Amino acid sequence: MRIGPPVALLAAVLLFAACGGEDDADDSRESVAAGEASYDEGAIGMEIEMLDTGLLKGHSYVDANDGWTVEGVTVTAVTDDGTDWGVIEIKEQSDADATVFFEVQIQELPRGDQVTLTTTAFFRDSNGFTAERTAVDHWPP
């Protein structure tokens, strides 16, 4: 049986919708959906869009609030046991202050384990103050 592109897209959308987020002790963060975080400095969003053979693909978006700029964005993938997975990051042009397409090189994952995907954004204000903020999601949900 072959799964066609529309079925694969639907599965990816359902996978993203079911993903859980992680709480952050930072008081400047507002409550938002899994894979998204909103801070005084700006907003971070992450979308896991597709599972290809051996690759988990998605985008991370960062929008700075007034008075802040995005200095950089990184994406990491770590399993429950602390193993780092390879992440390929490609910066893109978009309406967001920073957009990164990412691919995670999928390895064998024991049943019941998850990969924690973290997008880290580095913000700077006009006075030179810097802030590091994150958005977290998990795969599989």
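Read the figures in this text as sums done on the coordinates, not as results from a lab. Just so it is clear, the model here is predicted, and its values are computed rather than measured. Neighbour counts run over all protein chains shown; Cβ positions are idealised from the backbone, glycine included.
Where does each of V104, V62 land when they are ranked from fewest to most other beta-carbon atoms within 10 angstrom? If you can, show how the numbers build up before the last one.
Values: V104 22, V62 26.
Taking fewest neighbouring Cβ atoms as first place, the list is V104, V62.
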Add +1 for every Lys or Arg and -1 for every Asp or Glu among the other residues with Cβ under 14 Å from the Cβ of I90, and state the total. -2
Going by C-beta contacts inside 10 Å, put T130, T53, T120 in order with the fewest on the left. T53, T130, T120
Quote the charge dipole size of segment 53-93 about the Cα centre in Debye, to the nearest 20; the model charges only the Cβ of Lys and Arg (+1) and of Asp and Glu (-1). 180 debye
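How much length is gained on full extension from N127 to T74, taking 0.36 nm per residue of separation minus their Cα-Cα distance?
Values: separation 53, 0.36 × 53 = 19.08 nm, distance 2.33 nm.
Roughly 16.8 nm would be gained on extension.
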